[in-house]
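Okay, so here's the structure we're looking at.
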Amino acid sequence: MQQHSISYRRRALTSGQISPTELVQELDAAMRRQNPAINAFISWDTEAALAEAASADLSLPLGGVPIAVKDNICIQGQPTRCASRILGNFVSPYDATVVRRLRAAGAIPFGRTNMDEFAMGSAGENSAFGPTHNPADLRHVPGGSSGGSAAAVAAGMAIAALGSDTGGSIRQPASHCGVVGIKPTYGRISRYGLVAFASSLDQIGPITQNVEDAALLLNVLCGHDAADSTSSTHPTEDFTAGLHDGVRGLRIGLPAEYTTGGNSPEVNAALQKTVRTLTEAGAEVVEISLPHTEAVVSTYYIIACAEASSNLARFDGIRYGYRVPDSAGLSDLYSRSRGEGFGSEVKRRIILGTYVLSGGYYDAYYTKALKVRALVAQDFTKAFENVDLILGPVAPTPAPKLHDDSQTPLSVYLSDIYTIPANLAGLPGISLPVPGVGKLPVGVQLLGPHFAERRLLAGAAALEAAWS
Ligand code: GLN
């Protein structure tokens, strides 16, 4: 896959081997050929991309490079539907800050990627536009919720893509599809123009073919944005600068809670292989404990659903998107538009979230979840007093089969146990593929302290180099 990376494409563009127009045409042809089987894209506007390619400025860092964008990130003049019926044929009147930054760096937003409706899911199956298939084996899911972005990159239909990660939705599909995904520190990348799911957890990030591409995209995407009140003023850095720092002398913690039972043999093999490689590269891997791990899934689903129930109240059939054609008054219009517009997982979460925020239960569930969230964050603060990075699995198993009836909503929620903690604590995490451990792709995850993206990228790059 290396030959299709951003840096490879940039060399081809700047040396005149390929023009931006030809590159858009090449990706369009790949989409036409492969998308019917994979369903990674729910729309793409070749004409708009060709118009931008015609005036692409190759002197800019991402000049002429098309980037696929998850369907919950606004692109001016393009449909932005969060893979939901409720948004109907909504076309965004403005660009998200990340899209504005991509354009300012010369990139061409091209293609809206499929996703779990409103980013709620772990398999890519909760889409009103049908499920995405895993390019490594079409009978399997690509993971979720940014399953379309990960599948598009893995299949070579996109050079790189943007995803969003509320509880693992960048890292987990990246792991299931064999690509790299990074969720930066909360606040590093502006959420302005990202349709909100759970605002205190949501974070945009890149899904790429390799670690260097992730760094190149972070260089463009990160930085303060006055339009997002939670945007961090932490200075941005050149994320490519530390790619060759290696891991010599680093202490890397492996949480005891992440290796007990539950994991499939492939996931354990990926972890063991990573520990060996890190040790050979001069790092010291030590066992640590994150004692509140057991509580992360319930804590996350209370907080995420509470925030979702509030954020999704705006989809009322009046201001945006879908509205029932006939109604017997206002409340009938609301309930039928929302009833027909939202899929079942979104409804389940609105109901759960409304329940935990209701008068009688607020303290018992929501306030308590906030307290446990603080304890989870404290586990990490303590752990990072003794280690530089934390290693863990991304998901307990490789990608499940599509339409797996043995899965219940609860068993799907439980599979998020390793990705959720970084969102609850606002920490950065990167997922990267471990080659040769199973028939389907399997990734591992590195977590770091707030704003330690460069250390994460150095660790991931060292592993990638050792395995290539
Ligand atoms: N799987 C998790 C959920 O369903 C995470 C989703 C996400 O990160 N957007 O909520």
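The values are calculated or read from the model by the stated rules, or taken from the named source; none is laboratory data. Nothing here was measured: the structure is a model prediction, and the numbers come from that model. Glycine gets a Cβ as well: all are built from the backbone with ideal geometry, and neighbour counts include every protein chain shown. When the accessible area is computed, the model is the full protein with side chains, heavy atoms only, and any ligands, DNA or RNA have been set aside. Shrake-Rupley method; radii C 1.70, N 1.55, O 1.52, S 1.80 Å.
Tell me the residue from A458, A452, A377, A465 that is of a type outside the set (S, T, N, Q), open to solvent by less than 40 Å² (accessible area, probe 1.4 Å) and either in contact with a Ser or Thr (Cβ under 9 Å, 6 or more places away or on another chain) or closer than 30 Å to D137 by Cβ (or both), please. Step through it out loud before you land on a result.
Details: A458 fails: either in contact with a Ser or Thr (Cβ under 9 Å, 6 or more places away or on another chain) or closer than 30 Å to D137 by Cβ (or both); A377 fails: either in contact with a Ser or Thr (Cβ under 9 Å, 6 or more places away or on another chain) or closer than 30 Å to D137 by Cβ (or both); A465 fails: open to solvent by less than 40 Å² (accessible area, probe 1.4 Å).
Of the residues listed, the single one that is of a type outside the set (S, T, N, Q), open to solvent by less than 40 Å² (accessible area, probe 1.4 Å) and either in contact with a Ser or Thr (Cβ under 9 Å, 6 or more places away or on another chain) or closer than 30 Å to D137 by Cβ (or both) is A452.
Restricting the first member to the range 343-354 and to residues that are over 10 Å from C305 (Cα atoms) and within 13 Å of the ligand (Cβ to nearest atom), and the second to residues that are at pLDDT 95 or above and not in a loop (DSSP other than H, G, I, E, B), the beta-carbon pairs closer than 9 Å and six or more apart or on different chains are G343/R85; G343/I86; G343/E117; G343/F118; E345/E117; E345/F118.
Here G130 fulfils each of the conditions (1) in contact with a Phe, Trp or Tyr (Cβ under 8 Å, 6 or more places away or on another chain); (2) away from the ligand (no atom under 11 Å from the Cβ); (3) on the phi > 0 side of the Ramachandran plot apart from (1). A83 is checked against (1) outside any loop (DSSP other than H, G, I, E, B); (2) closer than 21 Å to A158 by Cβ and fails just one. What number does that condition carry? The one condition A83 does not meet is (1). Residues in the range 424-437 that are open to solvent by less than 20 Å² (accessible area, probe 1.4 Å), outside any helix (DSSP H, G or I) and touching a Lys or Arg at 6+ places or on another chain (Cβ under 8 Å): 5 in all.
Contact annotation: residue pairs with Cβ atoms under 8 Å, 6 or more positions apart or on different chains, pairing a residue in the range 88-115 that is acidic (D, E) with a partner that is assigned to a loop (DSSP other than H, G, I, E, B), are D95/C74; D95/I75; D95/Q76; D95/G193. For the structure I just gave you, tell me whether D238 is surrounded by fewer than 20 Cβ atoms within 10 Å (Cβ to Cβ) and either among the basic types (K, R) or in a loop (DSSP other than H, G, I, E, B) (or both). Answer is yes for this residue. Give the residues of the range 249-261 that are touching a helix residue (DSSP H, G or I) at 6+ places or on another chain (Cβ under 9 Å) and in a loop (DSSP other than H, G, I, E, B), sorted by residue number. Within the range 249-261, L250, T259 qualify.
Considering only residues that are among the β-branched types (V, I, T) and within 15 Å of the ligand (Cβ to nearest atom), look in the range 278-312 and name the one that is most open to solvent (accessible area, probe 1.4 Å). If you could, list the steps in order and put the result at the bottom.
The initial filter retains those residues of the range 278-312 that are among the β-branched types (V, I, T), namely 279, 285-286, 288, 293, 296-297, 299, 302-303.
Those left that are additionally within 15 Å of the ligand (Cβ to nearest atom): 296-297, 299, 302-303.
Values: V296: 2, V297: 13, T299: 7, I302: 34, I303: 0 Å².
Among those residues, the one meeting the criterion is I302.
Residues that are within 10 Å of the ligand (Cβ to nearest atom) and part of a loop (DSSP other than H, G, I, E, B) were ranked within the range 403-423; the one that is farthest from the chain's Cα centre (by Cα) is S415. Would you check which residues across the range 164-201 are away from the ligand (no atom under 12 Å from the Cβ), under 12 Å from the mean Cα position of the chain (by Cα) and in a loop (DSSP other than H, G, I, E, B) and list them? The answer is V179, P184.
Flag not set for A383, criterion: over 26 Å from the mean Cα position of the chain (by Cα) and either closer than 28 Å to V444 by Cα or aliphatic (A, V, I, L, M) (or both). When you go through G156, G148, G121 one by one, which is the residue that is at pLDDT 95 or above, crowded, with 24+ Cβ neighbours inside 10 Å, over 20 Å from T230 (Cβ atoms) and more than 9 Å from the ligand (Cβ to nearest atom)? Every option except G148 fails the conditions.
If I ask for residues that are assigned to a loop (DSSP other than H, G, I, E, B) and either within 18 Å of the chain's Cα centre (by Cα) or within 14 Å of E287 (Cβ to Cβ) (or both), which ones from the range 386-396 would you list? Steps first, answer last, please.
Initial filter on the range 386-396 (assigned to a loop (DSSP other than H, G, I, E, B)): 386-388, 394-396.
Passing the criteria: N386, V387, V394, A395, P396.
When you check L440 against the structure, is it farther than 19 Å from D116 by Cβ and buried (at least 24 other Cβ atoms within 10 Å of the Cβ), yes or no? The answer is no for L440. Scanning the range 75-86 for residues that are under 21 Å from the mean Cα position of the chain (by Cα), in contact (Cβ under 8 Å) with a residue 40 or more places away in the chain and open to solvent by less than 10 Å² (accessible area, probe 1.4 Å) yields T80, C82, A83, S84.
Is it the case, given these coordinates, that I318 is of a type outside the set (G, A, S), modelled with pLDDT under 95 and either over 30 Å from Y362 (Cα atoms) or open to solvent by 20 Å² or more (accessible area, probe 1.4 Å) (or both)? Talk me through it step by step, then tell me what you get.
On the way: of a type outside the set (G, A, S): yes; modelled with pLDDT under 95: yes; either over 30 Å from Y362 (Cα atoms) or open to solvent by 20 Å² or more (accessible area, probe 1.4 Å) (or both): yes.
Spelling it out, I318 is indeed of a type outside the set (G, A, S), modelled with pLDDT under 95 and either over 30 Å from Y362 (Cα atoms) or open to solvent by 20 Å² or more (accessible area, probe 1.4 Å) (or both).
Figure legend. Inter-residue proximity from the range 446-468: first residues on the phi > 0 side of the Ramachandran plot, second residues in a loop (DSSP other than H, G, I, E, B) and polar (S, T, N, Q), beta-carbon distance below 6 Å, spacing 6+ or different chains. Indicated pairs: F451/T185. Could you please let me know if G359 is more than 26 Å from G143 (Cα to Cα), part of a loop (DSSP other than H, G, I, E, B) and either modelled with pLDDT under 95 or away from the ligand (no atom under 16 Å from the Cβ) (or both)? It is true that G359 is more than 26 Å from G143 (Cα to Cα), part of a loop (DSSP other than H, G, I, E, B) and either modelled with pLDDT under 95 or away from the ligand (no atom under 16 Å from the Cβ) (or both).
Applying the selection to the range 181-215, what residues are surrounded by fewer than 24 Cβ atoms within 10 Å (Cβ to Cβ), out of contact with any strand residue (DSSP E or B) (no Cβ under 7 Å at 6 or more places or on another chain), over 15 Å from S145 (Cβ atoms) and not acidic (D, E)? Scanning the range 181-215 gives T185, Y186, G187, Y192, S199, S200.
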